[in-house]
Each structure stands twice: as structure tokens, then as C-alpha cells.
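Before any comments, here is the structure.
The values are calculated or read from the model by the stated rules, or taken from the named source; none is laboratory data. Keep in mind it's a predicted model, so treat the numbers as computed, not measured. Note: ideal-geometry Cβ built from the backbone for every residue, glycine included; neighbour counts use all protein chains shown. These area figures cover heavy atoms from the full protein model, side chains too; ligands, DNA and RNA do not enter into them. Shrake-Rupley method; radii C 1.70, N 1.55, O 1.52, S 1.80 Å.
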Amino acid sequence: MSKVYDNILSKTKVEIPKGWHAIRTIDMHTGGEPLRVIIDGFPELKGEHILARRRFCKEHYDHLRTSLMFEPRGHADMYGCILTPPNDAEGDFGIIFLHNEGYSTMCGHAVIAIATLAVQMNWIDVQEGENLIKIDAPCGRIDALVDVENDQITGVRFRCVESFVLALDRKVQVEGLGEITYDLAYGGTYYAYVDLSKNSLDLKLDTQHYSEIIKQAMQIKHAVMAQDVDIVHPFESDLSFLYGTIFIDPSPTDKADNKNVCVFAEGEVDRCPTGSGVSGRMAIHHKRGELVIGETMNVESITGSVFEGKVYRTTSYGGFDAVIPEVKGSAFITGEHTFIIDPSDPMRNGFFLR
């Protein structure tokens, strides 16, 4: 046996020099959409509530977001989260969502994943049956429910914040695409929903048309942002923006009622059906009289993964008729990582290519 090979077998842990930065994560996916859960090494975020902590992160530690989301540690479609204390004693913990553009207000796939992880890691006192986890997101408190049977997770779902319709069947002129008909709804963040059956777009919602989906979605998003100055949250200015475009089409399989492909942030494509997007759709379908309370809808993603959505109950919110949606999905751990940031590395803050 060679000495070098003996060294390889015995010296397998990186000794981190003084002045370097190490951040530990647990990586997961929900329906194919990644989630990098930051569990150690991120500086403390100051602030009395989750929105204040998110602003503090953006102002002081945004370079760590890009280090962990961008290449070479991540990629253009990476997604992550930071766990924080809850807003008050009634909550279990808070969560800040990270992506290629910055910080989102709500993320259903992350909630499903982090609720799964909370049970698998015994962060909560796990019991047989239904386990309730109260999570403070930037958009408000989310109730996540994890069903456990014989020490195994049998189902994960969340009840979103109040979700409502801002407009139905609006129209916008998009250069190169013509007149587009869309709905505007809020499911923890605002989306423009484009039903392909109502539009003459030359587009198929499959992986072969990935680049064209991004291109057209971003064209529509920017056109809607330029036209619709009324995308305003009833209570929080930090939530008053259009997050993405969601294309809708029939599912080619019998496992789902229809298909969602969401393009959000800076051209990021959701691999799952998009929990906040499905939440907004529950508000739309209820508003149109197409879904009654408790009726379920299965929504497929570009990868073929499926979320089940339903209207849990109706309510009112900031002058809107709103619903509390419930969305169900599955998440899985993919790995553990210790990311090391060498201060002399010229690419320490990351980059990405599209």
C-alpha cells in the first residue's frame, strides 16, 4: 500500500484555517425543487420580527446568500432558507427564503421540506398522528401539518396565509407575444397566472421548451409589472411586488388535473408545482366557482411531481374575499454539506451562468 493512499484513507476532514468561513447545511428537495437549509455558521440576524431580520440579512450578509445560492456551490435555480426565532412565543421558528434574485415572501416547497426535516430531526416532540408546526414566514404565520404513523411520515401539508384574487382576465400587450390574458392572485406572494387555453402562445410546458418558458414568462412578468401599479399588499409594503409568472395547461397524464410551470425571481424555474402558486390558484378557482371548500385539485409540475391543493376555509383579508388554502406534497433529504469560504478566493461570493 502506498503512503499517499494511506494518507487519503486517514486524512478525510478539511481543517478550516482561521479567518475562513464554514457554513453547514442540510440539502433537500420537494418534488424536485431544491432546498438548502442553513443550520450552522450563518451570523445572527438582528430584528424583532422576521421581516426586520430579512432586511438585516439583505443589508449585511447578502454576500453569503450569493455564496450559497450561486455557482460554484449552487446554481441559477438553487433555493435556500435560514431558520430564525419565531415572531412570538406562539410560533415554533421563523424562516427566511433565499434564491438567485434575493429573498421571497413565501415558499410552499420550503415549508413542506422544513416541516419534514423538523420531524425527521426530532426538532419537535413528534407524536403519532398529526403534528402541528407553526412557522413564521415573511408573509405571515404558516401552519404545517405532518402526519406520522408507526414513526414514519405519511403526509405533509401546510395551510397558507390568506390568499386572494386581485384581478381576473386582465390583458397586457407583450412585445413579440401579442395580447396576453392573465389573472393576478396572491398566495403569500403575487403571481401572474397565464392559462395557455386562453392565449395563442406557441409554448409547451415540458423540459424541451425550458428556455422558451423562461423567456416568455419573463417578458410577461416585466410587461405586467410595467402596467399593473396596483400590485400592493393590503398591509405590508415589503410584500407589494410581482414575484413570477405561472403558466397553466392540461396535464398529459391522468395523475393530475392540470399542469403548473412557475418562473420566478430572475428567471428561476420551479421544479415542483409551487406551493404559493397553488395557493393563489385555490383563490382563483374558488372565486370562479370552480372549487368548493374541501374539494381537491392535483397540480403537476414540469418534472411530473404533484401537489394536492384545496380550499380549507374562506375568510376576508384587507378588503378582499380570501381563502386559506391547504397544499400537500413530499420532501426528501439529499445530503449534508459543510461549505467553506476562503477569503482569498476571487469567486467566494459566487456567480451564475444562464
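Go through the range 202-225 and count every residue that is more than 17 Å from VAL269 (Cα to Cα) and open to solvent by 70 Å² or more (accessible area, probe 1.4 Å).
Total meeting the criteria: 2.
Looking at ARG281, ARG271, can you tell me which residue is within 21 Å of the chain's Cα centre (by Cα), under 22 Å from VAL161 (Cβ atoms) and of a type in the set (Lys, Arg)?
Exactly one of ARG281, ARG271 is within 21 Å of the chain's Cα centre (by Cα), under 22 Å from VAL161 (Cβ atoms) and of a type in the set (Lys, Arg), namely ARG281.
Tell me which residues, restricted to the range 141-165, are surrounded by fewer than 19 Cβ atoms within 10 Å (Cβ to Cβ) and in a strand (DSSP E or B).
From the range 141-165, those surrounded by fewer than 19 Cβ atoms within 10 Å (Cβ to Cβ) are 141, 143, 145, 147-155, 159; that's our starting set.
The answer is ARG141, ASP143, LEU145, ASP147, VAL148, GLU149, GLN152, ILE153, THR154, GLY155, ARG159.
Restricting attention to the range 166-191, and to residues there that are among the small types (Gly, Ala, Ser) and more than 30 Å from ASP147 (Cα to Cα), which single residue is least open to solvent (accessible area, probe 1.4 Å)? Reasoning before the result, please.
Quick first cut of the range 166-191, residues among the small types (Gly, Ala, Ser) only: 167, 176, 178, 185, 187-188.
Imposing the further condition that a residue be more than 30 Å from ASP147 (Cα to Cα) reduces the set to 167, 176, 178.
Details: ALA167: 11, GLY176: 78, GLY178: 27 Å².
Among those that are among the small types (Gly, Ala, Ser) and more than 30 Å from ASP147 (Cα to Cα), it is ALA167.
Just checking, does the range 248-255 include any residue being at pLDDT 95 or above, touching a Phe, Trp or Tyr at 6+ places or on another chain (Cβ under 9 Å) and open to solvent by less than 10 Å² (accessible area, probe 1.4 Å)?
Checked the range 248-255: no residue is at pLDDT 95 or above, touching a Phe, Trp or Tyr at 6+ places or on another chain (Cβ under 9 Å) and open to solvent by less than 10 Å² (accessible area, probe 1.4 Å).
Quick one: in the range 51-73, which of the residues that are open to solvent by 10 Å² or more (accessible area, probe 1.4 Å) and within 16 Å of the chain's Cα centre (by Cα) is farthest from ASP270 (Cα to Cα)?
So, considering only residues that are open to solvent by 10 Å² or more (accessible area, probe 1.4 Å) and within 16 Å of the chain's Cα centre (by Cα), the one farthest from ASP270 (Cα to Cα) is ARG54.
Could we say that GLY318 is at positive phi and either surrounded by fewer than 17 Cβ atoms within 10 Å (Cβ to Cβ) or among the aliphatic types (A, V, I, L, M) (or both) here?
yes
Is there a residue being touching a Gly at 6+ places or on another chain (Cβ under 9 Å) and either open to solvent by less than 10 Å² (accessible area, probe 1.4 Å) or under 24 Å from ALA331 (Cα atoms) (or both) anywhere in the range 192-201?
Yes, the conditions are met somewhere in the range 192-201.
So, in the range 336-354, of the ones that are open to solvent by 70 Å² or more (accessible area, probe 1.4 Å) and without any contact (Cβ under 8 Å) to a residue 24 or more places away in the chain, which residue ends up farthest from the chain's Cα centre (by Cα)?
It comes out as SER344.
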